[in-house]
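Structure first, commentary second.
Nothing in this text is a laboratory measurement; each read-out follows from the coordinates by a stated rule. Keep in mind that what you see is a predicted model, and the values were worked out from it rather than measured. FYI the Cβ positions are ideal-geometry reconstructions off the backbone, even for glycines, and counts take in every protein chain you see.
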Amino acid sequence: MSDFEPDPSSQAKRVSDDIASLKEDVAVLIRQMKDLAGRYSQDAADSLSDQAAGLYETVSETGRRGADTVAAHIEEKPVTSLLLAFAAGFIFSKIVSR
């Protein structure tokens with residue numbers, strides 16, 4: 001053999017070492033991607049939770065204001081409110097009974 005041609009067994013050993021190193025690098029990359037995905041999904045879940053809580057507060061406050069408005073109207077005009085409730089119930093019963 002000449003000095004320029006590498007020994008086949010040493011060349012195979014280098015290739016084998018390169019493959020082992022590549023496997024380790026891929027394993028590290030996969031772990032890092034899993035960690036990153038976990039952090040991203042947790043951030044997304046936290047953001048979604050915050051948005052849902054904000055929406056709940058908005059809807060809850062709107063409902064409370066609506067109930068307060070209806071209660072104030074009933075206190076101001078109890079007879080009118082009773083007649084409106086009776087009329088709404090009567091119309092509803094006619095629609096449902098068909």
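Summed over qualifying helices (DSSP H, 4 residues or more, each -39500 (n - 2.57)) and divided by its residue number, the chain shows a 222 nm mean residue ellipticity of -34000 deg cm²/dmol. The angle between the Cα long axis of helix 78-97 and the main principal axis of the chain comes to about 70°, on a 0 to 90 degree scale.
Principal semi-axes of the equivalent ellipsoid, √(5λ) from the alpha carbon gyration tensor of the chain, are 80, 17, 6 Å from largest down.
Ranking S41, T69, A88 by Cα position along the charge dipole of the chain, where only Lys, Arg, Asp and Glu carry charges on their C-beta atoms, puts A88 farthest toward the positive end.
What angle do you read, to the nearest 10 degrees and between 0 and 90, between the alpha-carbon axis of helix 8-76 and the longest principal axis of the chain? Approximately 10 degrees, to the nearest 10. The gain in end-to-end length when the F92 to A71 segment is fully stretched comes to 5.4 nm, 0.36 nm per residue minus the alpha carbon separation.
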